[in-house]
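See structure below.
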Amino acid sequence: MEKRYKIGLFFVLVLISVLVVVLMWKRHTMDGFPKEEHLVTDETEDSAPKTAEELYQVQKMNILTTCDTVCIYENIDKKDGSVSMEEEALPVKYIGLNREELETMLAQDSLAPTLEEKQKGFKSQHLELFSADKIKVLRIYDTAQGATGFYIMEVNGEICVYEHDKETLYFKTGLHAESLPAEVRHELREGKFMDSELQVYHFIESYSS
């Protein structure tokens with residue numbers, strides 16, 4: 001009985017020794033090479049394609065407008081849905097901007113449009129296309145609201161008052177361009193805008209005497 005016990009114990013010890021040797025060999029082999037997890041992670045970080053959002057962010061940061069960038073305006077009138085296109089050189093204030101900066105400036109300009117744009121029924125604008133070669137801005141107008149105001153203009157040497165469309169004659173002032181200062185005549189060539197009839201009459205009175 002004791003002999004069998006010693007034999008069984010001997011085989012158990014041998015088995016344990018073999019297991020220890022195998023484990024040590026495997027550990028030594030794995031220490032000599034990078035872990036598979038690290039290899040996969042590194043490869044993923046280096047070669048994985050960027051997402052659309054990442055590419056969009058890179059574009060916004062790296063692409064800037066220049067003096068050669070063409071500016072295209074697409075104008076839509078809400079009154080009848082008519083569309084017109086304008087192409088011009090990029091305004092100086094929009095040069096050297098990335099997409100995000102340009103969008104911010106366009107939004108600011110929407111909140112404070114020029115007097116001329118107000119008279120056209122300007123409502124809003126936003127950036128539709130952006131690249132270093134050209135930008136496209138969509139502008140919304142609403143001429144159905146009915147613009148108001150008057151334009152004082154020089155026509156064949158005579159000073160006349162036209163309605164907001166610059167085409168409908170409101171009345172002739174009786175003033176002649178030659179009687180006005182040079183800087184005033186220069187303004188009237190393109191049309192001097194007045195908000196109300198009261199402003200028009202004040203202008204006429206100031207040069208009538």
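The values are calculated or read from the model by the stated rules, or taken from the named source; none is laboratory data. Note that the coordinates shown come from a computational prediction; the quantities given were computed from them, not determined experimentally. Glycine also receives a Cβ, built like all others from the backbone with ideal geometry; neighbour counts cover every protein chain displayed. Each accessible area value is taken on the protein alone, full model and side chains, heavy atoms only, with ligands, DNA and RNA left out. Shrake-Rupley method; radii C 1.70, N 1.55, O 1.52, S 1.80 Å.
Descriptive notes on the structure:
- Condition met for K123 (free of Cβ contacts under 8 Å to residues at least 40 places away in the same chain, under 28 Å from F193 (Cβ atoms) and surrounded by 12 or more Cβ atoms within 10 Å (Cβ to Cβ)): no
- Per the conditions (1) aliphatic (A, V, I, L, M); (2) open to solvent by less than 30 Å² (accessible area, probe 1.4 Å); (3) within 35 Å of the chain's Cα centre (by Cα), the sole criterion not satisfied by A144 is (2).
- Any hit, region 127-137, residues being open to solvent by 50 Å² or more (accessible area, probe 1.4 Å), in a strand (DSSP E or B), in contact with a strand residue (DSSP E or B) (Cβ under 9 Å, 6 or more places away or on another chain) and of a type in the set (K, R): yes
- Sole residue being at positive phi and either open to solvent by less than 30 Å² (accessible area, probe 1.4 Å) or touching a Cys at 6+ places or on another chain (Cβ under 7 Å) (or both), chosen from G149, G96: G149
- Of everything in region 178-209 that is more than 18 Å from E167 (Cβ to Cβ) and not in a helix (DSSP H, G or I), the residue that is most open to solvent (accessible area, probe 1.4 Å) is S209.
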